[in-house]
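Take a look at the structure below.
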Amino acid sequence: MISGGGGFASNAYLLNMRYFYGEMAFYKNSFELEFSIFQHEKEIKTNSIYQGDISNRFVYGKLNDFLSFRIGWGRIYEIIPKREVGSVSIEYILYGGFSLGVLVPVYLEIAPVPFMVKKEEEKNIERYDPLKHDYINIIRDTSFFNGISESVICPGTYIKGGLVFDWHLLRKKITSLEVGAVIDYFFKEIPMMHLAKNYSYFAGFYITFNFGTKWN
């Protein structure tokens, strides 16, 4: 079996893919790949003082974007089987493995001289420096890819547990809702925000929708 899906957590957005194997009477094994985009608890979009469209927004004080790629192994235990077509099965899942974090510096569109921006040539794209860039200098956020070449790898681990509710009408298909909790721990503090507490771990509740197929 193979499935994929997406959803969100209390501190992140999620995309995942799973491969299932070794199915036994009451459980099956699985490999998981999951991509997460984390948000800091103090992360709030604010409007720029410079006139323009709604894109003139940014997160004041944000130093870095933070992503993670989870690579893990898990086991899925059957609690209530799908006894007939149209019924709902319930499973308990437990996953754990490596969490490869990627720290990407934030770049902003800056007015070198506050309130004196009239042309595109009078704007700079610079890596955010809280000692140099004040609120009145910042015009807006820029592309995530401006900082990708300066990314820093942050290795860690994760563990996840939850419940899966599958209600697909066909036995060979998967349509499920998953709810649970996940904890990522990295081997160093992750500096996402200036003048806010940063952590080496992220813990949150999540919900995902998954779709897939069975070929056995």
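Values quoted throughout were computed directly from the atomic coordinates according to the rules given, and no laboratory measurement underlies them. None of the values given here were measured: they were computed from a predicted structure. Every residue, glycine as well, gets a Cβ built from its backbone with ideal geometry; the counts of neighbours run over all protein chains shown.
Scalar couplings 3J(HN,Hα) for the range 68-77, obtained by applying the Karplus form with A = 6.51, B = -1.76, C = 1.60 to θ = phi - 60°, are 9, 10, 8, 10, x, 10, x, 9, 10, 9 Hz; x denotes Gly and Pro.
Around the amide H of Gln39, modelled in the peptide plane, lie the amide H atoms of Ala12, all under 5 Å away and 5 or more residues distant in sequence or on another chain. Over the chain, the alpha carbon radius of gyration divided by the compact-protein estimate 2.2 N^0.38 Å works out to 1.27.
Find the relative contact order for the range 58-216 and round it to a whole percent, using C-alpha pairs within less than 8 Å whose residues are 6+ positions apart. 25 percent. Annotation: the residues Glu178, Glu84, sorted from fewest to most other C-beta atoms within 10 Å of their own C-beta, follow the order Glu84, Glu178.
Taking other C-beta atoms within 10 angstrom as a stand-in for reagent exposure, Val106, Val85 fall in the order Val85, Val106, fewest first.
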